[in-house]
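Here's the structure we're looking at; comments come further down.
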Amino acid sequence: RSKQSQFKIVLLGESAVGKSSVVQRFVKNSFDEYRESTIGAAFLTQSIHLSKNDILSSGDNDNSITTDTIDDDGITVKFEIWDTAGQERYRSLASMYYRNANAAIIVYDITQLESLDKAKYWIKELQRQANKDTIIILTGNKLDLNDERKISIDDVNEFTSIYNLLNFEVSAKTGENVNQLFKDIAIKLVIK
Ligand code: GDP
Ligand code: MG
(Lines give C-alpha, C1' and ligand atoms only; values in the text may rest on other atoms or scores of the structure.)
(Ligands and ions follow the chains in the order given, each with its own letter.)
Protein backbone atom coordinates (compact mmCIF):
# COMPACT_ATOMS: atom_id res chain seq x y z
CA ARG A 1 0.00 0.00 0.00
CA SER A 2 1.35 3.40 -0.84
CA LYS A 3 0.88 6.10 1.73
CA GLN A 4 0.61 9.78 1.01
CA SER A 5 3.75 11.42 2.30
CA GLN A 6 3.29 15.08 1.44
CA PHE A 7 1.13 17.19 3.73
CA LYS A 8 0.05 20.80 4.10
CA ILE A 9 0.33 22.47 7.48
CA VAL A 10 -0.97 25.90 8.42
CA LEU A 11 -0.01 27.95 11.49
CA LEU A 12 -2.60 30.28 13.00
CA GLY A 13 -2.73 32.41 16.13
CA GLU A 14 -2.36 35.88 17.50
CA SER A 15 0.48 38.14 16.39
CA ALA A 16 3.79 37.75 18.19
CA VAL A 17 3.04 34.39 19.80
CA GLY A 18 5.96 32.99 17.82
CA LYS A 19 4.42 31.21 14.82
CA SER A 20 7.21 32.25 12.45
CA SER A 21 9.81 31.45 15.08
CA VAL A 22 8.47 27.92 15.56
CA VAL A 23 8.59 27.36 11.81
CA GLN A 24 12.08 28.85 11.57
CA ARG A 25 13.28 26.58 14.37
CA PHE A 26 11.85 23.55 12.58
CA VAL A 27 13.01 24.49 9.07
CA LYS A 28 16.38 26.16 9.76
CA ASN A 29 17.07 25.16 13.35
CA SER A 30 17.69 28.81 14.22
CA PHE A 31 16.05 31.61 16.19
CA ASP A 32 16.02 35.44 15.92
CA GLU A 33 15.45 37.54 19.00
CA TYR A 34 14.18 40.34 16.73
CA ARG A 35 12.28 39.20 13.74
CA GLU A 36 10.09 41.12 11.36
CA SER A 37 6.43 40.26 11.50
CA THR A 38 5.04 38.19 8.69
CA ILE A 39 3.19 39.97 5.91
CA GLY A 40 0.29 37.99 4.48
CA ALA A 41 1.72 34.50 4.72
CA ALA A 42 5.05 32.78 4.22
CA PHE A 43 5.53 29.41 2.54
CA LEU A 44 8.26 27.01 3.63
CA THR A 45 8.95 23.34 3.22
CA GLN A 46 10.72 20.81 5.37
CA SER A 47 10.95 17.04 5.37
CA ILE A 48 11.10 14.73 8.33
CA HIS A 49 12.05 11.10 8.42
CA LEU A 50 10.03 8.58 10.37
CA SER A 51 11.60 5.25 11.14
CA LYS A 52 9.49 2.15 10.98
CA ASN A 53 9.65 2.02 14.74
CA ASP A 54 8.41 5.64 15.12
CA ILE A 55 5.28 4.64 13.30
CA LEU A 56 4.65 1.20 14.73
CA SER A 57 5.24 2.28 18.31
CA SER A 58 2.90 5.24 18.13
CA GLY A 59 0.18 4.95 20.75
CA ASP A 60 -2.43 5.94 18.17
CA ASN A 61 -1.68 3.11 15.82
CA ASP A 62 -4.83 1.00 15.88
CA ASN A 63 -2.97 -1.86 14.18
CA SER A 64 -4.26 -0.90 10.74
CA ILE A 65 -0.59 -0.28 10.05
CA THR A 66 1.54 -3.36 10.48
CA THR A 67 5.11 -4.40 9.83
CA ASP A 68 4.23 -5.33 6.25
CA THR A 69 2.74 -1.99 5.29
CA ILE A 70 5.86 0.06 5.93
CA ASP A 71 9.27 -0.30 4.32
CA ASP A 72 12.18 -1.07 6.59
CA ASP A 73 13.62 2.37 5.74
CA GLY A 74 10.54 4.06 7.20
CA ILE A 75 8.90 7.02 5.50
CA THR A 76 10.05 10.51 4.59
CA VAL A 77 7.27 13.01 5.07
CA LYS A 78 7.39 16.35 3.29
CA PHE A 79 5.60 19.29 4.87
CA GLU A 80 4.39 22.32 2.95
CA ILE A 81 4.03 24.94 5.64
CA TRP A 82 1.92 28.09 5.47
CA ASP A 83 2.92 30.52 8.19
CA THR A 84 0.15 33.11 8.34
CA ALA A 85 0.21 36.65 9.70
CA GLY A 86 -1.85 37.11 12.84
CA GLN A 87 -2.89 40.68 12.16
CA GLU A 88 -6.57 41.51 12.06
CA ARG A 89 -6.42 42.79 8.50
CA TYR A 90 -5.29 39.40 7.18
CA ARG A 91 -7.86 37.41 9.09
CA SER A 92 -10.22 37.03 6.15
CA LEU A 93 -7.44 35.48 4.08
CA ALA A 94 -6.81 32.71 6.57
CA SER A 95 -9.41 30.36 5.12
CA MET A 96 -7.40 30.15 1.91
CA TYR A 97 -4.60 28.61 3.92
CA TYR A 98 -6.51 26.34 6.25
CA ARG A 99 -9.06 25.11 3.72
CA ASN A 100 -6.81 22.41 2.27
CA ALA A 101 -4.59 21.89 5.27
CA ASN A 102 -3.95 18.39 6.58
CA ALA A 103 -2.96 19.87 9.93
CA ALA A 104 -3.41 23.23 11.63
CA ILE A 105 -1.07 24.31 14.41
CA ILE A 106 -2.84 26.90 16.54
CA VAL A 107 -0.23 28.77 18.55
CA TYR A 108 -0.60 30.74 21.76
CA ASP A 109 2.02 32.30 24.03
CA ILE A 110 2.02 30.74 27.53
CA THR A 111 2.80 34.21 29.00
CA GLN A 112 -0.12 36.01 27.29
CA LEU A 113 -3.61 35.15 28.53
CA GLU A 114 -5.43 36.75 25.60
CA SER A 115 -3.47 34.68 23.14
CA LEU A 116 -5.32 31.58 24.36
CA ASP A 117 -8.67 33.28 23.69
CA LYS A 118 -7.50 33.98 20.17
CA ALA A 119 -6.41 30.38 19.81
CA LYS A 120 -9.85 29.20 20.92
CA TYR A 121 -11.42 31.51 18.37
CA TRP A 122 -9.35 29.87 15.62
CA ILE A 123 -10.21 26.38 16.79
CA LYS A 124 -13.91 27.16 16.69
CA GLU A 125 -13.59 28.72 13.26
CA LEU A 126 -11.72 25.66 11.96
CA GLN A 127 -14.28 23.31 13.40
CA ARG A 128 -16.99 25.20 11.58
CA GLN A 129 -15.24 25.89 8.30
CA ALA A 130 -12.28 23.63 7.75
CA ASN A 131 -12.15 20.16 6.30
CA LYS A 132 -13.28 17.62 8.91
CA ASP A 133 -10.07 15.65 8.36
CA THR A 134 -7.80 18.52 9.33
CA ILE A 135 -5.87 17.63 12.47
CA ILE A 136 -5.82 20.51 14.94
CA ILE A 137 -2.92 20.92 17.35
CA LEU A 138 -3.06 23.55 20.08
CA THR A 139 0.49 24.64 20.84
CA GLY A 140 1.76 26.85 23.65
CA ASN A 141 5.02 28.58 22.72
CA LYS A 142 7.73 30.36 24.78
CA LEU A 143 8.14 27.49 27.22
CA ASP A 144 11.55 29.02 28.08
CA LEU A 145 9.59 31.81 29.84
CA ASN A 146 8.04 29.34 32.27
CA ASP A 147 8.57 31.79 35.17
CA GLU A 148 6.24 34.29 33.48
CA ARG A 149 3.62 31.70 32.65
CA LYS A 150 0.00 32.91 32.73
CA ILE A 151 -1.59 29.85 31.20
CA SER A 152 -1.33 26.49 32.92
CA ILE A 153 -1.49 23.18 31.16
CA ASP A 154 -4.68 22.46 33.16
CA ASP A 155 -6.40 25.54 31.68
CA VAL A 156 -5.61 24.18 28.27
CA ASN A 157 -6.45 20.55 28.94
CA GLU A 158 -9.93 21.53 29.99
CA PHE A 159 -10.42 22.89 26.50
CA THR A 160 -8.51 20.33 24.44
CA SER A 161 -10.31 17.40 26.02
CA ILE A 162 -13.71 18.81 25.00
CA TYR A 163 -12.60 19.16 21.41
CA ASN A 164 -10.29 16.16 21.40
CA LEU A 165 -7.25 18.12 20.22
CA LEU A 166 -3.54 17.42 20.44
CA ASN A 167 -1.76 19.70 22.83
CA PHE A 168 1.94 20.67 22.95
CA GLU A 169 4.17 23.15 24.71
CA VAL A 170 7.32 24.23 22.89
CA SER A 171 10.03 26.86 22.84
CA ALA A 172 11.14 28.20 19.47
CA LYS A 173 13.96 29.92 21.35
CA THR A 174 15.56 26.84 22.90
CA GLY A 175 14.07 24.40 20.41
CA GLU A 176 12.50 22.34 23.19
CA ASN A 177 9.81 20.02 21.82
CA VAL A 178 9.69 21.66 18.36
CA ASN A 179 10.89 18.63 16.41
CA GLN A 180 8.68 16.40 18.55
CA LEU A 181 5.68 18.53 17.62
CA PHE A 182 6.24 18.08 13.89
CA LYS A 183 7.20 14.46 14.27
CA ASP A 184 3.99 13.65 16.13
CA ILE A 185 1.98 15.45 13.48
CA ALA A 186 3.78 13.46 10.78
CA ILE A 187 3.01 10.18 12.54
CA LYS A 188 -0.65 11.13 13.01
CA LEU A 189 -0.98 11.96 9.35
CA VAL A 190 0.79 8.85 8.16
CA ILE A 191 -1.24 6.40 10.24
CA LYS A 192 -4.51 8.13 9.50
P1 GDP B 1 4.49 35.55 15.04
O2 GDP B 1 3.94 36.94 14.83
O3 GDP B 1 3.48 34.68 15.74
O4 GDP B 1 5.02 34.95 13.79
O5 GDP B 1 5.71 35.68 16.08
P6 GDP B 1 7.28 35.79 15.78
O7 GDP B 1 7.81 34.46 15.41
O8 GDP B 1 7.52 36.92 14.84
O9 GDP B 1 7.83 36.12 17.24
C10 GDP B 1 7.39 37.26 17.97
C11 GDP B 1 8.41 37.61 19.05
O12 GDP B 1 8.46 36.58 20.03
C13 GDP B 1 9.85 37.76 18.50
O14 GDP B 1 10.47 38.81 19.19
C15 GDP B 1 10.49 36.43 18.84
O16 GDP B 1 11.89 36.56 19.01
C17 GDP B 1 9.81 36.09 20.16
N18 GDP B 1 9.73 34.64 20.36
C19 GDP B 1 9.27 33.71 19.49
N20 GDP B 1 9.34 32.47 20.00
C21 GDP B 1 9.87 32.60 21.24
C22 GDP B 1 10.20 31.67 22.29
O23 GDP B 1 10.03 30.44 22.19
N24 GDP B 1 10.70 32.20 23.44
C25 GDP B 1 10.91 33.54 23.60
N26 GDP B 1 11.41 33.95 24.76
N27 GDP B 1 10.61 34.44 22.64
C28 GDP B 1 10.11 33.98 21.48
MG1 MG C 1 4.93 35.67 11.84
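The values are calculated or read from the model by the stated rules, or taken from the named source; none is laboratory data. Treat the numbers as computed from the prediction; the structure is a model and nothing was measured. Note that we place each Cβ from the backbone using ideal geometry, even for glycine, and neighbour counts take in every protein chain shown. Please note that ligands, DNA and RNA were not included when accessible areas were found on the heavy atoms of the full protein model with its side chains. Shrake-Rupley method; radii C 1.70, N 1.55, O 1.52, S 1.80 Å.
Give, as a single signed number, the net charge of other residues whose beta carbon lies under 13 Å from the beta carbon of residue 97, with Lys and Arg counted +1 and Asp and Glu -1.
+1
Order the following by accessible area, largest value first: 25, 35. Probe radius 1.4 Å; ligands, DNA and RNA are ignored. Numbers along the way, then the final one.
Numbers: 25 35, 35 100 Å².
Most to least solvent-accessible, the answer reads 35, 25.
Rank these by accessible area, largest first, 1.4 Å probe: 15, 171.
15, 171
Which net charge results for the neighbourhood of residue 17, defined as the other residues with beta-carbon distances under 9 angstrom from its beta-carbon, given Lys and Arg at +1 and Asp and Glu at -1?
The answer is +1.
So how strong a dipole does the chain carry about its Cα centre when Lys and Arg Cβ are +1 and Asp and Glu Cβ are -1, to the nearest 20 debye? Provide the component values of the computation, followed by the final result.
Working: 24 positive and 28 negative charges, 145 e Å.
Charge dipole, the chain, about its Cα centre: 700 debye, nearest 20.
Hey, what angle do you get for helix 113-129 against the long axis of the chain, alpha-carbon based, 0 to 90 degrees rounded to 10?
Computed tilt is about 50 degrees.
Among 161, 47, 5, pick out the residue whose Cα is farthest towards the positive end of the charge dipole of the chain, where Lys and Arg carry +1 and Asp and Glu carry -1 on C-beta, about the Cα centre.
Checking the options against the dipole of the chain, the answer is 5.
Sorted by packing (mean other beta-carbon atoms within 10 Å per residue), highest first, where do 103-114, 159-170 land?
Averaged packing, sorted descending, gives the order 103-114, 159-170.
Tell me the angle of helix 153-163 to the major Cα principal axis of the chain, expressed in degrees between 0 and 90 and rounded to the nearest ten.
With both axes taken from Cα atoms, the answer is about 60 degrees.
Past 26 Å, Cα to Cα, is the threshold; run 132/188; 19/150; 28/132 against it and keep the listed order. List each step's numbers first, then the result.
Numbers: 132/188 15 Å; 19/150 19 Å; 28/132 31 Å.
Violating the 26 Å Cα-Cα cut-off are 28/132.
Once you have the alpha carbon radius of gyration of region 71-122, what is it after dividing by 2.2 N^0.38 Å, with N set to its residue count?
Dividing the Cα radius of gyration by 2.2 N^0.38 Å gives 1.51.
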